[in-house]
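Novice: Can you keep this structure in mind? I'll have questions shortly.
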Amino acid sequence: MQEKFQTGTFMPESMITCKTLYKATGLSDEDFERPIIGIANSFNDIVPGHKNLKELTEQVKYGIYRAGGTPVEFGCIAVCDGVCTTHSGSRYSLPSREVVADSIEIMVRAHRMDGLVLIGSCDKTVPGMLMAAARLDIPCIFLAGGCMLGGPSFGAKRKSDSTSIAEAYGMYQAGICTHEELMNLLTVSCPTIGSCQHMATANTMCCMAEALGLSLAGSAAIPAVFNERTRVALKTGEIAVEMVKMGITSRDIITKNAIENAIMMLMATGGSTNAVLHTCAIAHEIGMDTQEVMELFDRFGESVPLIARINPSSVEYDALDFYFAGGIPAVMEEMKSILHMDCMTVTGQTLQESIDSYQYLYPKNPEVITSLDKPFSSLPGLVIMRGNLAPDTAVAKPAAISPEVRQFTGKAICFDSEEECSEAIGKQLVKPGHVVVIRYEGPKGAPGMPEMYKPLKLLYGQGLNKSTALITDGRFSGTNNGCFVGHISPEAAAGGPLALIKDGDEILIDVINKKLELKVSNEELERRKSEFTYASPKISGYLKRYAENAQSADRGGILL
């Protein structure tokens, strides 16, 4: 935009009006001679992962000024699955991703910004921002807000975290912990601001942004309260201006090879199951078919082992430990032999150059990040499941499933909503040997595909995480553990096989061989299908529009 504002040159009426209104905000003629760098700031007072973004944005502005640019800030929504206090509220979480992407596109294209800094932290905001970057194809750089620190030890975990309270509630239901212990944990398990302390969706997607090359090396894992987070914010602002000067755009960085790198990183670190949805959505923005993305998850699931241990794949180490161990640079350094090291990053360096020049601040920890030839597990962090229950795929996370339940056969106990299931678990109606089925929670059915993390946490608290399983067309939190399979497609609301299960049916879950099977004859399934009816929920507003246009989970829940 800056070349349109050169002092002393003729400007069309539209540009004169634009400059006049910009000057009304306090900008000077000199400001228009610099690159105009937009800052999409998702700060709010509601979400702990976004509470510090106002301060980080000020540092980004300093960096932009220092490098010769003019910063212009605008706001962006941010929804937190954890803060959504009701199931109906959590239905807005995944759909908010599309609003984030659309609103950033609108602001940038309407106001013709030269470059863009995206500042976010939590679950759906980060992928929405990455989708916007891919869609806009201008110089873009992403800055994460950083993780929070862990709380005191609780249960089997060395450090408690934001989900420990749900586990403790299950323990309270089973008489394992007291009300006083529960209330104390409520206060101390999240001692600072920041994104949650585990490799859940928030930290997974921030790490993915770095793996794609759209963030500065080492920036994803820096805790929110560390001074290093402030310094990297200032540097991010500087690099945004340099990207404009070098002509590096987001699609120079977000390429098919970069997507492949990101998927391999997700496998190696045990990333959130939600990352499958978001990777499909981001890849769709650069023209990749979502089925091709699912095939990549399948392919790399066969070849990339788990080399990083972060909660929930470990009860010992959390996001802070991952940062101290070297974070994404340390992981990618160990993966050099299989990554596309010639991919470009925001600095103009290749991934190879970026990793080779990275300066580690702390000693590496092989207990947290190991090598490809000495993996923590030969199984990948994520697997794509198939079978007569998931003709169009489902997703599981072997890294968070105990070895003894990676192959599980049990009897179905069915629920048509998460609330119904949680109530039954609270009454201790779920017993060892049950496969809990939660359906009508997909993109169209819920609508909005909310997280089913609470039932699994309650089962964990009641000591049932190694004797039961849970399958659903909904999503999971990246913090869940136990035997679980989500994203089952087609969803129940679309008449998928999940809708045909009856209490007592035998179900096989084989995470090792990636199979999800209902042990019912084809003839019986056809009979049940002929009797199947479904009435969509009565909804209005944005969720109504979302349900009408949302694609299935195997297509990333994208809107067409």
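The values are calculated or read from the model by the stated rules, or taken from the named source; none is laboratory data. Note that the structure is a prediction, hence the values are computed from the model and not measured. Positions of Cβ are backbone-derived with ideal geometry, glycine not excepted, and every protein chain shown enters the neighbour counts. Areas reflect the complete protein model, heavy atoms only, side chains present, ligands, DNA and RNA absent. Shrake-Rupley method; radii C 1.70, N 1.55, O 1.52, S 1.80 Å.
Novice: Tell me which of 366, 452, 402 sits at the most positive position along the dipole axis of segment 359-455, charges placed on C-beta atoms (Lys, Arg +1; Asp, Glu -1).
Specialist: 366
Novice: Before I look further, what does segment 50-187 give for accessible area per residue, probe 1.4 Å, in whole square angstrom?
Specialist: Solvent-accessible surface per residue comes out at 35 Å².
Novice: Continuing with the same structure: Could you work out how far the C-alpha centroid of segment 15-89 sits from that of segment 433-490, in angstrom?
Specialist: 37
Novice: Can you list the residues, at least 5 places off or on another chain, whose amide H is less than 5 Å from the amide H of residue 72, using H built in the peptide plane?
Specialist: Result for residue 72 returns 37, 38, 39.
Novice: Next question. Given a 1.4 angstrom probe, I'd like the percentage of the accessible area of segment 378-523 that is carbon and sulfur, rounded to a whole number.
Specialist: Of the solvent-accessible surface of segment 378-523, carbon and sulfur hold 47 percent.
Novice: Can you give the charge dipole size of segment 305-382 about its Cα centre, rounded to the nearest 20 debye, using +1 on the beta carbon of Lys and Arg and -1 on the beta carbon of Asp and Glu?
Specialist: Taking the Cα centre of segment 305-382 as origin, the dipole is about 100 debye.
Novice: Which of 40, 211, 496 sits farthest toward the positive end of the charge dipole of the chain, with +1 on the Cβ of Lys and Arg and -1 on the Cβ of Asp and Glu?
Specialist: So the residue furthest toward the plus end is 496.
Novice: What aspartates and glutamates sit close enough to residue 245 to cross-link, taking a C-alpha to C-alpha distance under 19 Å and skipping anything fewer than 8 places away on the same chain?
Specialist: Excluding near neighbours in sequence, the set is 3, 30, 31, 33, 114, 137.
Novice: Against the empirical 2.2 N^0.38 Å scaling, what ratio does the C-alpha Rg of segment 445-552 come to?
Specialist: Normalised by 2.2 N^0.38 Å, the Cα Rg of segment 445-552 equals 1.18.
Novice: Under a point spin-label approximation (7 Å from Cα along Cα-to-Cβ), what is the residue 356-residue 181 distance to one decimal in nm?
Specialist: 5.4
Novice: Defining a contact as two alpha carbons under 8 Å apart and six or more residues distant in sequence, what relative contact order in percent does the chain show?
Specialist: That works out to 14 percent.
Novice: Would you please report the Å³ per residue occupied by the convex hull of the alpha carbon atoms in segment 38-85?
Specialist: 59
Novice: Okay, next question. I'd like the accessible area for residue 376, computed on protein heavy atoms only with a 1.4 Å probe and all protein chains in place. Round to 10 Å², please.
Specialist: Ignoring ligands and nucleic acids, residue 376 comes out at about 70 Å².
Novice: If R₀ is 51 angstrom, what is the calculated FRET efficiency for the pair residue 16 and residue 55, using the beta carbon separation as r and rounding to 0.05?
Specialist: My answer for the efficiency is 0.90.
Novice: Based on Cβ point charges of +1 for Lys and Arg and -1 for Asp and Glu, what charge dipole magnitude is obtained for the chain about its Cα centre, in debye rounded to the nearest 20?
Specialist: Result for the chain is approximately 500 debye, rounded to the nearest 20.
Novice: What is the calculated FRET efficiency for residue 540 to residue 424, with r their C-beta to C-beta distance and R₀ = 22 Å, to the nearest 0.05?
Specialist: Here the calculated transfer efficiency is 0.15.
Novice: Grab the Cα-Cα distance for residue 299 and residue 110, subtract it from 0.36 nm times how many residues apart they are, and report the gain in nm with one decimal.
Specialist: Stretched fully, the residue 299-residue 110 segment lengthens by 64.0 nm.
Novice: For segment 48-193, which whole-number percentage of the solvent-accessible area (1.4 Å probe, protein heavy atoms only) is attributable to carbon and sulfur atoms?
Specialist: The nonpolar share, carbon plus sulfur, comes to 57 percent.
Novice: Per residue, how much accessible surface does segment 197-325 expose to a 1.4 Å probe? Answer in Å², no decimals.
Specialist: 24
Novice: Turning to a different aspect of this structure: Please give, to one decimal in nm, the separation of the simple spin-label points placed at residue 377 and residue 510, each 7 Å out from Cα toward the Cβ.
Specialist: It works out to 1.8 nm between the two label points.
Novice: What is the sum of charges, Lys and Arg at +1 and Asp and Glu at -1, for the other residues whose Cβ falls under 13 Å from the Cβ of residue 397?
Specialist: In short, +3.
Novice: Would you compute, from DSSP H runs of 4+ residues alone, the mean residue ellipticity of the chain at 222 nm, taking -39500 (n - 2.57) per run and dividing by the full residue count, rounded to the nearest 500?
Specialist: -11500 deg cm²/dmol
Novice: Can I ask one more? Tell me which DSSP H helices of the chain clear both cut-offs, 15 Å or more of axial length from alpha-carbon atoms and a mean Kyte-Doolittle hydropathy of at least 0.5.
Specialist: Length and hydropathy pass: 125-136, 201-212, 256-269, 274-285.
Novice: Could you give the length gained by full extension between residue 365 and residue 402, i.e. 0.36 nm per residue of separation minus their alpha carbon distance, to one decimal place?
Specialist: Fully extending the segment from residue 365 to residue 402 adds 11.0 nm.
Novice: Going by Cα centres, segment 379-397 and segment 239-297 are how many Å apart?
Specialist: That distance is 21 Å.
Novice: Related question: Work out the charge dipole of the chain with +1 on the Cβ of Lys and Arg and -1 on the Cβ of Asp and Glu about the Cα centre, then indicate which of 166, 437, 140 is farthest towards its positive end.
Specialist: 166
Novice: Heavy-atom accessible area per residue, segment 346-422, 1.4 Å probe: how many Å²?
Specialist: Dividing the accessible area of segment 346-422 by its residue count gives 44 Å².
Novice: Further question on the same structure: State which entries of 23/235; 444/538; 51/124; 235/336; 411/538; 51/454 exceed 21 angstrom in Cα-Cα distance in the structure shown.
Specialist: Going by Cα-Cα distance, 23/235; 235/336; 411/538; 51/454 fall outside the 21 Å limit.
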